[in-house]
Amino acid sequence: MATTVDSPTDNNTVATDASSLAERATKAKATIDKHESILFKIKLQDATGKHVPVYEVANKTIGFLCAAGRFSACQELATLIDQFLEANPDFVIIYISLDQSLEAFNRTLAAHPRWLAIPYNEPVRQDILNEWQTKGVPCLHVYDPVEHEIVTSWGGSCLRFNAERCMSEWKKGREGVSYLQIVLGWWYYRAPPGVYRDMSDQELINSGFPSQESTDTKKNK
């Protein structure tokens, strides 16, 4: 937005202003247009489909969960999230669905009544996925609504390996989990390498996490 300046400025002031703008742009990397909070761009609903005013989450730490309920890996993270919500009332989940249909989206929310969600038919869902370079599922972006920035995109690893301390770390603007904790954690659990990163559906399958459809097919045989 253009700013009117009534008094002349020297070169130092201009340089300072340019530096401030650059810093703000960096901090605002998690916003759709780089200058406004994502909270000004979205609508929210609860698990029953009822509209929820965005201001109700404006003073909480927010987890934007990009996931698809049909995958076992997403279901495993969803269980951790529900446990974390129980212990941390100042944390809220906003579900960004990669489900393949509205019916699947509704089933996912019905299974997790504490979650909020961006309505399935809202185009801004895709804008967010593109802006935050979310390439696969599951991915939990932890967002600070005061600073209007993503604190970490390793939210899933935070809940797996540092659940007792990550909330306080996020409030300080920190990642909430160290790379060493991630490496040691996955080594201990013998999980496929790379699962803590964004992964495509096919990569998840290749890493040993079957889709829900394939799981259901096996059960029915």
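The values are calculated or read from the model by the stated rules, or taken from the named source; none is laboratory data. All figures in this text were calculated on a predicted structure; none of them were measured in a lab. Every residue, glycine among them, receives a Cβ derived from its backbone with ideal geometry; neighbour counts consider all protein chains shown. Accessible surface is based on the protein model in full, side chains and every heavy atom, while ligands, DNA and RNA are left aside. Shrake-Rupley method; radii C 1.70, N 1.55, O 1.52, S 1.80 Å.
How far apart, in nanometres, would the label points at R165 and A58 be if each is projected 7 angstrom from Cα along the Cα-to-Cβ direction?
Output for this residue pair reads 3.4 nm.
Under a 1.4 angstrom probe, counting protein chains only, how are H148, H51 ranked by accessible area, largest first?
Output order, biggest surface exposure first: H51, H148.
Mind pulling up the Rg/Rh value for segment 30-106? Radius of gyration and Kirkwood radius, both on Cα.
0.97
Sorting check: for 120-126, 69-75, which peptide has the highest mean count of neighbouring beta carbons within 10 Å, and how do the rest follow?
Per-residue Cβ counts within 10 Å, averaged per peptide and sorted highest first, yield 69-75, 120-126.
Using only the alpha carbons, work out the radius of gyration and Dmax of segment 101-183 in angstrom.
Gyration radius and largest Cα-Cα distance of segment 101-183: 14.4, 40 Å.
Calculate, for R114 and S178, the FRET efficiency according to 1/(1 + (r/R0)^6) with r their C-beta to C-beta distance and R0 30 Å; round to the nearest 0.05.
Approximately 0.60, to the nearest 0.05.
So, taking all protein chains as they sit and a 1.4 Å probe, how much accessible area belongs to F40, in Å² rounded to tens?
Surface accessible to solvent at F40 totals approximately 150 Å².
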